[in-house]
Amino acid sequence: MPNWSQDLLEYEALRALLGRYVSSAAGHRQLEAMQPSTNRDELVASLAETSEALTFLTEGDAEDSGLPRLRFTDLADVQEAVARVRIDGAVLDGLEILAIRAWLTRATEFRQGLSEAPHRFPLLWDKAERIGDFRTLLRLLDGKIRPDGGLEDDASVALKRLRQELGRQKESIQNSLERFMRSHRDDGVMQDDYVTMRGDRFVVPVATNFKGRVQGVVHGTSGSGQTSFVEPLETIQLNNELVRLIEEELRECHRILRELTAKMREQHEEIAVAIDVLGALEFVFAKARFGTEFRCTIPSFSSENQRTLHLKQARHPLLTDVLRRQRKSAVPLDLDLDEAKRTLLISGPNTGGKTVAMKTVALLSLMAQSALPVPAAEATLPIFDQILADIGDSQSIETSLSSFSSHMRHVADLLDQASPDSLVILDEIGRSTDPEEGGALGVAIVDRFHRDGCFTLASTHLIALKIYGVNHEGVLSASMGFDDATLLPTFELRVGAPGKSAGLDTAARFGILPEVIEQARASMTTREQDIARFLNELHQKLESATALEADWKQRQAAVNAKERDLEDRFNKRDAQRIREFEAKTTKLLNEFERTSRATIEDIKTSSEARKAADQAQLKAAKFKREFQAEVASAVRPEGQPAAPTGPKLLVGIKVRIENVREPAQVLRLLDNGRVEVQAGFLKMQVDQSEILEVLTGAAASKKLPSNVRFEPGPTWDVPTREINVIGQNSEEALDNVDRFLDKASLGSIARVRIIHGHGYGVLKKAIQQMLAKHPHVARYYGASPAEGGTGATIAELRS
C-alpha cells in the first residue's frame, strides 16, 4: 500500500475539520471513506463536481438565482432500517418509516431542484438523476404517522373506528369509577379522589385497611403500603372490553405498518440508491462549503511528462482554523518547483515556520489527491504515488532507540520506499548528531532522493546542506524570514538564498539569561560568525533586489498603461480626423459629379457634341477614380492595406471601358490581372487599369430603342414590405393590391402588410376576401397592435 504519512501530516485532523460541514450519517460514511488516490481521471471528475457545487453555492446566494436551497440537516441514520426493508416479513416501526420518508422527501426535493438547471450543473444532475420516483410512495405515507412514531387515526378506516370505540369505552369506565368513588366518599374507603391505571386497566386508590370492604381485584399497592389500587367488580367487564379493543388496535397498527413496509420493499433498491446519492451529494457540497469558507481553489494536475508544483498564496488549513479563532491570519507561501528544480532546502530561524511550510505543501498535495479544494489562490500539483515524511522526534524507550537512531531508521525506510513519483519531506535532516557528520549525511541523503527523481523538501540548520543548496544544480535554497529589529520570525518563505538560524536570538526571546547568551556569542568561532554575517548581508541584498524588482514591475506596468492610453487617444483622434476628411472629400466629389453631368447633358445637342460629351463623361469618371485613390492613399496609415473605394469587380457586373462608348459586362477575371468583357457583340480582354468605372443602378442599364418601354422588376432589400390603400375605392384598391402582391411574389417576399384603415370596414372586408382566394397568398390575419391593429392586414406569401 502507498505510504501517505497521514499521521505525521495530520490527515485525520483535516478529516475532522471537514466533518463540521457534514450532517447526516450517510454523508459521514462518505467522509470516512475519503482517501488519497492516484487515479487521475477519477480525481479530475470528482474535483469538477466540487467546482460545480462551489458555483451552485455562489449563484444560489443571489436572490434571483432561482436555485433551490439544499439542506442535509435533520436526517436520522436509516442504514439498518433500509437493510431490514429488504427482508421479507420484516416490519418497520413508525419512527423508522418516518425517518426513511424524510430521506425520500429530501431526495425528491433535490432531484426536482437540480432538474431545473441540468445544463448549468450537468455533473451534479448526473448524480441526482439516479434518484428514483418516490411520489406515489410518499403520497401513501403522507398523513399516516405522527412525529412520535404513532399512527394517525386516519391511517385506516378500521383504526379510526377502533380508536373511537376505545374513547367511548374509556369514558364509560371513567363514569363507572366516578360513581363508585361518589358512593364511598363518606365511608373512609377511598384513599384519594382520582382514577389511575395499572397495566392496561383503570383502578381507584383505596385505603389498604378498607380494601376488604370493596368487591374487586387488587392490582398493586403504593410504596408506603397505605394505598391499594383496586379495580371494582362493576368495572371488570368494562376493562376487559377495553383490553380487547386495545389488542385489536395493536393488531390493526401492526397490519398498517406491515403494509407500509411492504410498499417500501417494492422500491428498496431505489431507496438504497437514493440515500447513497444523497450522502454523496452532501459530501460534495460539504467540500464546497469548506472551500468557500477557507477561500480555496480547485487544484489542477500537471502532466506526467512535465511535472510542476505551483502554489500561490497557499495556507495550512489547520493552522488557518486555529488562527481564525484567535482573530489572526496565516502567512501564505508561494512556491514553484518543476523537473529542473525539484528539490528545496529551507533554512532559517527556529520556530520560524520551516516545518509548517513543508507540511503545508504535503497536506495540500494530499488534499488535491483526495479531490478536495485547497486553501490557495492557485494550485497546480503533480500526482504523487506516495508522500514520504520524516517529521519530529521519534525517540522510543520501548525499542531502545535514541533520537538519532530512530531518525536514521525512518529515513532508511523512506529510501527503500521512494520512487521518482514520490514527494519526500525531511524535517531537520541529519539532526541529533555531530553537525559535521550530520551535514555530510544530510547532503548524501538529499542528493540520493534528488537523483532518484523525487520532489524533495528538506529543512536544515547545517552549513553543509546550505552550501549544497547554493552550489548544486537543480536544488533551490529558501529561508524563513527573520526581522532583525524585533528579533522575531516573519514566517515568510523566501526562495533564492539560505537563511541564518538565529538560534541565540531565539533563545534570548524565550528567556535564556543575557549573560548566557553573551557567553555563547563569545564562544562562536570566527568562521561561524563570518557565515552568519554573510547570510545576513545576503538576505539584505536579496530583500533590496526583490523590492527593486517589485518597484520596477510597478513602474513598467504604469508606463505600459500610459502608452496604451496615449495610443488609444491618438487612434481615436486620428480616426475622427480621417472620417471628417473623407466626408468633406465625398461631398466635393458628389458636387463635382453632379455639376459635370449637368454640363454634359447641356451640350448633347449634336452628334459631335454627344461624342464630346461622352468623352468628357469618361474623363470625369477617370478623374473621380484617380482622385479617390489619391485621397485613400493620403489618409491611410503607413503599413495599412488600401481599403476598396467603390464596388468590387465581379463576374456579371457592368463596367465602363476606356475609349469604348457602350457599357461592357464582365465575363471572366483572369489570373494575369486582365478581365474578359463583352461590349455589345464584341468580346475582348482588357487590363484592369482600363476600367474607368463600375456601373451600378441606372448607369448600368442599356439604352433601348425609342419604341421599346422598359419597366424594371421588383427589387426588395428587406423581408417585409407594405402598401397603403387608405382613401381608395374598393376597385382601385384591389387592383393596386393585386399588382403589389405580384411584385412581392416575384421579389421572393415572405410577408407583407396592407394598410386599409378602419372606416366602416368595407375596404378591409373586400381586401380580405381577395386575399382568401389569391394564388400568391398562403394565409392572412389581422395586424398586431404594434403594426396597426384592425387598420391593417398581414399576408404571408407562398414560397
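The values are calculated or read from the model by the stated rules, or taken from the named source; none is laboratory data. Everything numeric in this text was worked out from a predicted model, so none of it was measured. Note that each Cβ is placed from the backbone with ideal geometry, even for glycine, and that neighbours are counted across all protein chains shown. The accessibility values were calculated without ligands, DNA or RNA, using every heavy atom of the protein model including side chains. Shrake-Rupley method; radii C 1.70, N 1.55, O 1.52, S 1.80 Å.
Which listed residue (214, 175, 239) has the Cα farthest towards the positive end of the charge dipole for region 164-263, taking +1 on Lys and Arg C-beta and -1 on Asp and Glu C-beta about the Cα centre?
239
What number comes out for the charge environment of residue 216, summing +1 per Lys or Arg and -1 per Asp or Glu over other residues with Cβ under 11 Å away?
Local net charge: +1.
Give me the extension gain from residue 687 to residue 76: residue separation times 0.36 nm, minus the current Cα-Cα distance, reported in nm with one decimal. Don't skip to the answer; put the middle values down first.
Working: separation 611, 0.36 × 611 = 219.96 nm, distance 9.04 nm.
Result for the pair: 210.9 nm of gain on full extension.
Quick one: which of 127/328; 263/287; 328/359 span more than 28 angstrom between C-alpha atoms?
Pairs exceeding the cut-off: 127/328; 263/287.
Taking 8 Å as the Cα distance limit and 6 or more residues as the minimum spacing, I'd like the relative contact order of region 143-208 as a percentage.
Answer for region 143-208 is 19 percent.
Rank these by accessible area, largest first, 1.4 Å probe: 55, 50, 221.
221, 55, 50
Counting only the heavy atoms of the protein chains, how much of residue 447 is accessible to a 1.4 Å probe, in Å² to the nearest 10?
Counting only protein heavy atoms, the figure is 30 Å².
Quick one: accessible surface of residue 125, probe radius 1.4 Å, all protein chains present, in square angstrom to the nearest 10.
Roughly 40 Å² of residue 125 is accessible to a 1.4 Å probe.
Quick one: accessible surface of residue 743, probe radius 1.4 Å, all protein chains present, in square angstrom to the nearest 10.
Here the accessible area works out near 100 Å².
Please sort 373-384, 71-82 by packing, taking for each peptide the average over its residues of neighbouring beta carbons within 10 angstrom, highest first.
Taking the mean over residues of other Cβ atoms within 10 Å, the ranking is 373-384, 71-82.
Please give the peptides 778-789, 25-36, 287-298 ranked by average Cβ packing (other Cβ atoms within 10 Å per residue), highest first, as a rough proxy for protection.
287-298, 25-36, 778-789
On a 20 Å Cα-Cα criterion, which of the cross-link pairs 354/466; 654/683; 312/341; 743/765 come out too long?
Among 354/466; 654/683; 312/341; 743/765, the Cα-Cα distance tops 20 Å for 743/765.
Could you work out the local net charge near residue 336, counting Lys and Arg as +1, Asp and Glu as -1, over the other residues with Cβ closer than 14 Å to its Cβ? Show your work: numbers first, answer last.
Details: positive: 307, 312, 341, 342, 494; negative: 334, 338, 339, 378.
It works out to a net charge of +1.
Out of 25, 4, 57, whose Cα points farthest toward the positive end of the dipole of region 1-113 (charges: +1 Lys, Arg; -1 Asp, Glu; placed on Cβ)?
The residue sitting most towards the positive pole is 25.
In what order, largest first, do 684, 264 sit by accessible area if the probe radius is 1.4 Å?
Working: 684 45, 264 0 Å².
The ordering from most to least exposed comes out as 684, 264.
Dipole of region 154-254, Cα-centred, from +1 at each Lys and Arg C-beta and -1 at each Asp and Glu C-beta, to the nearest 20 debye?
80
Using Cα centres only, tell me the gap between region 93-163 and region 244-258 in whole Å.
For region 93-163 versus region 244-258, the Cα centre distance is 24 Å.
At 1.4 Å probe radius, can you tell me the per residue accessible area of region 254-363 in Å²?
Value returned for region 254-363: 42 Å² of accessible area per residue.
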